[in-house]
């Protein structure tokens, strides 16, 4: 009997401990997520009420007028910014994936003179920080007459050594037998790359695509330098302008801008969180 | 005799065939890397060389000539008070952020790797801020950190704490920006630590348990030593990444108050793109690049040692 009692007691203590841990963790998760909820809540509050003290945690008069203003005001072009960001990120991702995977396949499988030396030179270039190359690439863009165009955002991103490195590692892990069978059937090298290697690497390609897309979507410094006209800006650049111009007067408008820049990504994340977390870990590990 | 006669011919033909195949493979191989190598040379190799060459020239955008001036740019850099101030601010920011980030992400990884309820929810929530752009993060936080109307000071006032000038006090502004950055970024090292923790063999923990080690001792004598390479990887890569801080200062404080959150990349931005002093900017970028390369090499050294062990 005594043993049974103490067993019940032990279980109760364990349950209590678990519950306490969960309460603490849920609280921490709430704190971490709070700024995002706060941004959304403020964007739905009329501008006159964001200055209330104590703050309105749930808007008392929820409104979409901030979004309406953002899209209709002449001195803002958030519709353009959104389209620019989406276009540039999508094209950059597709082109980067194609160009780097083609090179990675060649480095992994095809034999040609100088292959390993070229690969080694490429890897050593990873050591050079991107900051060093900013000014010369900017001047190059100016000479190409690419400043203030999509070209300036898309093409420099193709020199993604890390992507080639990561994909090569992945391709090396694919068994050769499949390719050899295809060669006997008369497939071309490009056919093998396109129909065998790429489909078999969908997990690595997805991971890389997410990585490249987010990098492009969220980049601030480079677009800030090479873009000038209001309607050419991407969302992160537009947001800095919005926040510096309207910060003091129209806070809820600025928050609505941040929502437009971040909520599409967060919704996508909510649906594909498993793949994204796995993919990020995978690409992050390749960096090790 | 006939066999001997046909043998070399057949072999010769096979050899010929193999040679053609190999040449074809080499040509294909070159063609496949060609687009990438072209971009690599144009946007990586050439600009890197160009940056070094420019750093020895007085290269102003509006001037037709770019005369060679030897080490003058670097000499000017050594006497540039703003450069040293920005380097000091940036280092302080990077150190604070790396310490905070490493501790918090390691703690988070240790928790979410346990088989607890809502495990996925915690992982998803902790990683969510990483997906935001620096602009969104700064817009959100400059409002939260607002001294008069910010919600953070509102919460603190509930505990009787007077309004803190998060971004208006020269002594607090860098820790504030660090706080924002840790919130934004700790999810990534968390994932790296999770992968590192998963690689630790379970039987080591069981052996430690049998030897009577408690949870703390298991962490101290099993987890921590085996996680050392991961910790080193995280701290060095994070430190290099945070030396490049720009958006946080640019958007939240504009480098202020005064120059107290003025960063190295901000100095580069103003030198090259506001004052159009490209040569001096290149010298600055090269100097920063050398610092980062040294850090990277130190990291490689430590990693090399791990493989020797």
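Among A:161, A:241, A:254, which is modelled with pLDDT of 90 or more and farther than 30 Å from residue B:21 by Cα?
Working: A:161 fails: farther than 30 Å from residue B:21 by Cα; A:241 fails: modelled with pLDDT of 90 or more.
Going through A:161, A:241, A:254 in turn, just one is modelled with pLDDT of 90 or more and farther than 30 Å from residue B:21 by Cα: A:254.
If only one of B:234, B:245 is within 12 Å of chain A (Cβ to nearest Cβ), part of a helix (DSSP H, G or I), on the phi < 0 side of the Ramachandran plot and in contact (Cβ under 8 Å) with a residue 40 or more places away in the chain, which one is it? Explain how you work it out, then say what you get.
Details: B:245 fails: part of a helix (DSSP H, G or I).
Of B:234, B:245, the one residue that is within 12 Å of chain A (Cβ to nearest Cβ), part of a helix (DSSP H, G or I), on the phi < 0 side of the Ramachandran plot and in contact (Cβ under 8 Å) with a residue 40 or more places away in the chain is B:234.
With the condition being crowded, with 21+ Cβ neighbours inside 10 Å, I'd like the helices (runs of 4 or more DSSP H) fully within region A:114-155 carrying at least 2 qualifying residues.
Working: elements: A:115-125, A:130-143, A:150-154.
The qualifying helices (runs of 4 or more DSSP H) are A:130-143, A:150-154.
Is one or more of the residues making up region A:55-75 out of contact with any strand residue (DSSP E or B) (no Cβ under 7 Å at 6 or more places or on another chain) and facing chain B (nearest Cβ under 9 Å)?
yes
If a residue must be surrounded by fewer than 22 Cβ atoms within 10 Å (Cβ to Cβ) and facing chain A (nearest Cβ under 9 Å), how many such residues does region B:95-113 contain?
Our first condition is that a residue be surrounded by fewer than 22 Cβ atoms within 10 Å (Cβ to Cβ); within region B:95-113, this holds for B:95-96, B:99-100, B:102-104, B:107, B:110-111, B:113.
Imposing the further condition that a residue be facing chain A (nearest Cβ under 9 Å) reduces the set to B:111.
So the count comes out to 1.
Kindly evaluate residue A:78 against the criterion of being surrounded by fewer than 20 Cβ atoms within 10 Å (Cβ to Cβ), more than 12 Å from every other protein chain (Cβ to nearest Cβ) and in contact (Cβ under 8 Å) with a residue 40 or more places away in the chain.
Taking the combined requirement at face value, the residue does not satisfy it.
Here's a check for you: in region A:227-255, which residue that is within 21 Å of the chain's Cα centre (by Cα) and more than 10 Å from chain B (Cβ to nearest Cβ) is surrounded by the most Cβ atoms within 10 Å (Cβ to Cβ)?
If we take residues in region A:227-255 being within 21 Å of the chain's Cα centre (by Cα) and more than 10 Å from chain B (Cβ to nearest Cβ), then A:233 is surrounded by the most Cβ atoms within 10 Å (Cβ to Cβ).
Taking region B:121-156 on its own, how many of its residues are part of a helix (DSSP H, G or I) and either at the interface with chain A (Cβ under 9 Å from one of its Cβ atoms) or within 17 Å of residue A:214 (Cα to Cα) (or both)?
24
Could you list all residues from region A:106-135 that are without any contact (Cβ under 8 Å) to a residue 12 or more places away in the chain, closer than 14 Å to residue A:160 by Cα and either at the interface with chain B (Cβ under 7 Å from one of its Cβ atoms) or touching a strand residue (DSSP E or B) at 6+ places or on another chain (Cβ under 7 Å) (or both)?
Answer for region A:106-135, where residues must be without any contact (Cβ under 8 Å) to a residue 12 or more places away in the chain, closer than 14 Å to residue A:160 by Cα and either at the interface with chain B (Cβ under 7 Å from one of its Cβ atoms) or touching a strand residue (DSSP E or B) at 6+ places or on another chain (Cβ under 7 Å) (or both): A:127, A:128, A:129, A:133.
Quick one: which residue in B:239, B:250 is surrounded by 15 or more Cβ atoms within 10 Å (Cβ to Cβ), more than 12 Å from chain A (Cβ to nearest Cβ) and within 19 Å of the chain's Cα centre (by Cα)?
After applying the criteria, what remains is B:239.
Here is a check on your reading of the model: is residue A:163 within 12 Å of chain B (Cβ to nearest Cβ), surrounded by 22 or more Cβ atoms within 10 Å (Cβ to Cβ), more than 25 Å from residue A:104 (Cβ to Cβ) and touching a residue at least 24 places away in the same chain (Cβ under 8 Å)?
Criteria not met by residue A:163.
Does residue B:182 meet the test of being crowded, with 17+ Cβ neighbours inside 10 Å, in the same structural domain as residue B:115 (by TED's automatic domain parsing) and farther than 18 Å from residue B:114 by Cβ?
Answer is yes for this residue.
Answer yes if at least one residue in region B:206-220 is more than 12 Å from chain A (Cβ to nearest Cβ) and in contact (Cβ under 8 Å) with a residue 40 or more places away in the chain, and no otherwise.
yes
Could you check residue B:240 against (1) closer than 30 Å to residue B:57 by Cβ; (2) in contact (Cβ under 8 Å) with a residue 60 or more places away in the chain and say which number it fails?
Tallying (1) closer than 30 Å to residue B:57 by Cβ; (2) in contact (Cβ under 8 Å) with a residue 60 or more places away in the chain, residue B:240 fails exactly one: (2).
Go through region A:91-105 and report how many residues are within 9 Å of chain B (Cβ to nearest Cβ) and touching a residue at least 60 places away in the same chain (Cβ under 8 Å).
5
Kindly establish whether residue A:16 is over 30 Å from residue A:155 (Cβ atoms) and either part of a helix (DSSP H, G or I) or modelled with pLDDT of 90 or more (or both).
yes
The values are calculated or read from the model by the stated rules, or taken from the named source; none is laboratory data. In this text the structure is predicted, and so the values were computed from the model without any measurement. A quick note on method: Cβ atoms are made from the backbone with ideal geometry, for glycine too, and the neighbour counts reach across all protein chains shown.
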